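Enquirer: One structure follows; several queries about it will come next.
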Amino acid sequence: MIHRRLTTIAPRSGAAEPAFGGLYVHIPFCARKCPYCAFWSRGDQDLPVRREWFAALRREWARRRDTEPGLASWRPATIFFGGGTPTFLEPGELDELCGWIRATFDLSGLVEWSVEANPGTLTPQKAAILRHHGVTRLSLGVQSLNPHALATLGRIHGPDEARAAVAIARDADFPHLGADWMYGLPGLPETAARHDLETLAALPGLDHLSCYALEVEPGTPFAHRRVRTDDRLQRRLYEFARRALRAAGFSHYELSNFARPGAECRHNLLYWSGGAYLGLGPAAASHWHGVRSANSRDLVRWRRAFSESLPPAQKACETLVFGLRRLPGWTRAEFAAATGGFDWTTLRGPEIAALVRNRLLVETSSRLRLSTRALFVSDSVFRALI
Ligand code: SF4
């Protein structure tokens, strides 16, 4: 059960402001750094470093609450713990962090609390602690159930740990349970990858799947080893995933994301619809009162958060691109509401017309969305619009 914060400041009218926006907390620790990973995280950090991170997290919140508009009485609608690996924290640390969230924020309007978790770090005790505090959704970094694929990715877990993590989450009775699947790995035959996805999607209890093609990011060990991926294979697997998951009852609601009815990630939908969110922790991004900002990636310097105000038209273009990640795209009315009155034709009319001619965008009088053929080459569409 989620408790109401005792110190909530009542609005003058006596009626609470509607809950809105999302709180993101970045937990930058992992058991070990995966060789393909470009996320900001550190492998195997010991307890003093984690204590320092938690103390700084609380200081960051206190400073922002006192200096940024509307935060003192904010009621978030969603919370997301991302990383890194939130479940790398010890049970007592997870309990303390969740307890701090409950004591600090007014959660009376909360509709979703998501936590990322990785097989090999999730235990029944940690799952029970998260459930006890009111976490409603677990997102498991399964990546694959194939032993060769997991070894290639340098994950700390094998197929048995992945299945065990799904079972632990299911037994803890989270209302929603998702998993990541990574495809297009070197050395894994296409038939094995297809079987991998079908096996994962058939695990009982999963109502959300995020499918990511392996990308070799600059600066990672994979880039240094010159790991190659096969674009055509990845495209075929993407199309296979769309067909297989739809046949299994999932809807394709965002470029990489599939959900059973009602299981879409509400927090991530905020990102894609131009919503408000506040990010705490190193490398966390925020979109608050119309200003996009990002914290330093450096653990020591992150408290010196910087913010960058974009010109309104540029910000509206970013919002356009974020929203096109959702398969239904934008309606004109939604887009105007999310951007303070902008219209996409005024912003990027010629570029949109060219993309429509090339059958990469579909435009009607009231709606703009990616075409099916654009789903796998969405980056080039977005570059043309930014
Ligand atoms: S567990 Fe996830 S965040 Fe951590 S190193 Fe691996 S891919 Fe990156």
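Enquirer: Ranked from highest to lowest mean number of other Cβ atoms within 10 Å per residue, what is the order of the peptides 18-31, 240-253, 61-74?
Expert: Details: 18-31: 20.7, 240-253: 16.3, 61-74: 13.7.
The peptides rank, most packed first, as 18-31, 240-253, 61-74.
Enquirer: For A202 and E90, compute 0.36 nm times the residue count separating them, minus their Cα-Cα distance, and round to one decimal in nm. Kindly include the intermediate steps, with their values, before the conclusion.
Expert: Working: separation 112, 0.36 × 112 = 40.32 nm, distance 3.06 nm.
Additional length available on full extension: 37.3 nm.
Enquirer: When the dipole is taken about the Cα centre of the chain, and only Lys, Arg (+1) and Asp, Glu (-1) are charged at their Cβ, what size is it in debye, to the nearest 20?
Expert: Values: 49 positive and 38 negative charges, 131 e Å.
The dipole magnitude comes to about 620 debye.
Enquirer: So in the chain, which Cys have no other cysteine's beta-carbon sitting under 4.7 angstrom from theirs?
Expert: Isolated Cys, the chain: C30, C98, C211, C265, C317.
Enquirer: When the chain is fully extended, how far beyond the present Cα-Cα distance does R32 get from Y212, taking 0.36 nm per residue of separation? Before the final figure, lay out the partial values.
Expert: Numbers: separation 180, 0.36 × 180 = 64.80 nm, distance 2.03 nm.
Computed gain between R32 and Y212 is 62.8 nm.
Enquirer: Taking 8 Å as the Cα distance limit and 6 or more residues as the minimum spacing, I'd like the relative contact order of region 311-386 as a percentage. Please report the intermediate quantities before stating the final value.
Expert: Values: 80 pairs, mean separation 25.3, N = 76.
It rounds to 33 percent for region 311-386.
Enquirer: Ranked from the most accessible area to the least, with a 1.4 Å probe and all protein chains present, what is the order of W40, W181?
Expert: Values: W40 30, W181 0 Å².
Solvent-accessible surface, decreasing: W40, W181.
Enquirer: A follow-up question, please. If every alpha-carbon in region 227-363 counts as one equal scatterer, what log10 I(q)/I(0) does Debye give at q = 0.12 1/Å?
Expert: -0.67
Enquirer: Right, another one. Each residue of region 350-361 in order: what ³J(HN,Hα) in whole Hz does its phi give by Karplus 6.51 cos²θ - 1.76 cosθ + 1.60, θ = phi - 60°, with x for Gly and Pro?
Expert: 3J(HN,Hα) across region 350-361, in whole Hz: x, 5, 5, 4, 5, 5, 5, 4, 7, 6, 9, 10.
Enquirer: Also, quick follow-up: From the helices alone, meaning DSSP H stretches of at least four residues, give me the mean residue ellipticity at 222 nm for the chain, per-run term -39500 (n - 2.57), in deg cm²/dmol to the nearest 500.
Expert: Working: 13 runs with 148 residues, N = 386.
The helix-only estimate for the chain comes to -11500 deg cm²/dmol at 222 nm.
Enquirer: Using θ = phi - 60° and the Karplus form 6.51 cos²θ - 1.76 cosθ + 1.60, what ³J(HN,Hα) does each residue of region 267-272 get, whole Hz, x for Gly and Pro?
Expert: Karplus values, whole Hz, x for Gly and Pro: 5, 5, 4, 4, 4, 8.
Enquirer: Given springs between every Cα pair under 10 Å in a Gaussian network model of the chain, which of V166, V142, V227 has the largest fluctuation?
Expert: Per the Cα network of the chain with a 10 Å cutoff, V227 tops the list.
Enquirer: Under a 5 Å amide H to amide H cut-off, with H placed in plane at 1.01 Å, what residues pair with A179 once short-range neighbours are removed?
Expert: HN-HN under 5 Å from A179: L140, H208, L209, S210.
Enquirer: Could you work out, for region 22-271, what percent of all Cα-Cα pairs fall into each 10 Å distance bin, beginning at 0 Å and stopping at the bin that holds the largest distance?
Expert: 7, 30, 36, 20, 7, 0
Enquirer: Oh, and also: So, by mean Cβ neighbours within 10 angstrom, what's the order for 89-97, 358-366, 316-324 with the highest one leading?
Expert: Working: 89-97: 17.3, 358-366: 13.6, 316-324: 21.6.
Result, highest mean Cβ count within 10 Å first: 316-324, 89-97, 358-366.
Enquirer: Over the chain, calculate the relative contact order: mean separation of alpha carbon pairs under 8 Å at least 6 apart, over the residue count, as a percent.
Expert: Working: 691 pairs, mean separation 54.8, N = 386.
Taking the mean separation of contacting Cα pairs over the length of the chain, I get 14 percent.
Enquirer: Based only on Cα atoms, what mean projected area does the convex hull of region 99-182 have, in nm²? Show your work: numbers first, answer last.
Expert: Working: hull surface 22.9 nm².
Averaged projected hull area, Cα only: 5.7 nm².
Enquirer: Here's another thing I want to ask about it. Does region 13-133 come out rounded, prolate or oblate, given a ≥ b ≥ c as the square roots of the eigenvalues of its C-alpha gyration tensor, rounded meaning a/c under 1.5 and, failing that, prolate meaning a/b above b/c?
Expert: Values: a/c = 2.05, a/b = 1.68, b/c = 1.22.
It is prolate, given that a/c is not under 1.5 and a/b is the larger ratio.
Enquirer: Between I79 and residues 5 or more places away or on another chain, which pairs have amide H atoms under 5 Å apart, with H built 1.01 Å from N, and which residues are they?
Expert: L23, E112, W113, S114
Enquirer: Solvent-accessible area per residue for the chain at a 1.4 Å probe radius, Å²?
Expert: Working: 17250 Å² over 386 residues.
That works out to 45 Å² per residue.
Enquirer: Next up: If the viscosity is 1.567 mPa s and the temperature 4 °C, what translational diffusion coefficient in µm²/s does Stokes-Einstein give for region 45-111 when Rh comes from Kirkwood over Cα pairs? It would help to have the intermediate numbers written out before the result.
Expert: Details: Rh = 13.3 Å.
Rounded to a whole number, D works out at 98 µm²/s.
Enquirer: Here's another thing I want to ask about it. Over region 311-386, how many percent of alpha carbon pairs lie in each 10 Å bin up to the one with the longest distance?
Expert: Whole-percent P(r) values from 0 Å outward: 21, 61, 18, 0.
Enquirer: Amide H neighbours of G279 under 5 Å, counting only residues 5+ apart in sequence or on other chains, H built in-plane at 1.01 Å?
Expert: Y24, S286, H287
Enquirer: Compute the orientation-averaged projected area for region 130-229 from the convex hull of its Cα atoms and round it to one decimal in nm². Spell out each step's value before the answer.
Expert: Numbers: hull surface 27.4 nm².
Seen from a random direction, the Cα hull of region 130-229 projects 6.9 nm² on average.
Enquirer: So what J values fall out for region 177-188 if you push phi through Karplus, 6.51 cos²θ - 1.76 cosθ + 1.60 with θ = phi - 60°, rounded to Hz, Gly and Pro as x?
Expert: So the J values, rounded to whole Hz, are 9, x, 9, 9, 10, 10, 10, x, 8, x, x, 9.
Enquirer: Something else about it: Quick one: ranking I129, I101 by accessible area, 1.4 Å probe, largest first, what do you get? The partial results should precede the final answer.
Expert: Details: I129 25, I101 0 Å².
Sorted descending by solvent-accessible area, the residues read I129, I101.
Enquirer: Of the listed peptides 277-284, 217-224, 193-200, what is their order by residue-averaged count of other C-beta atoms within 10 Å, with the highest listed first?
Expert: Working: 277-284: 22.6, 217-224: 13.6, 193-200: 18.8.
Packing proxy ranking, top to bottom: 277-284, 193-200, 217-224.
Enquirer: Along the positive direction of the dipole of the chain (beta-carbon charges: Lys, Arg +1; Asp, Glu -1; about the Cα centre), which of Q234, P35, G154 reaches farthest?
Expert: Result: Q234, furthest along the dipole toward the positive end.
The values are calculated or read from the model by the stated rules, or taken from the named source; none is laboratory data. On a predicted model such as this, the values are computed, not experimentally measured, just so you know. Methodologically, a virtual Cβ is constructed for each residue, glycine included, from the backbone with ideal geometry; neighbour enumeration extends over all protein chains shown. The protein model used for the area step is the full one, side chains on, heavy atoms only, and it has no ligands, DNA or RNA in it. Shrake-Rupley method; radii C 1.70, N 1.55, O 1.52, S 1.80 Å.
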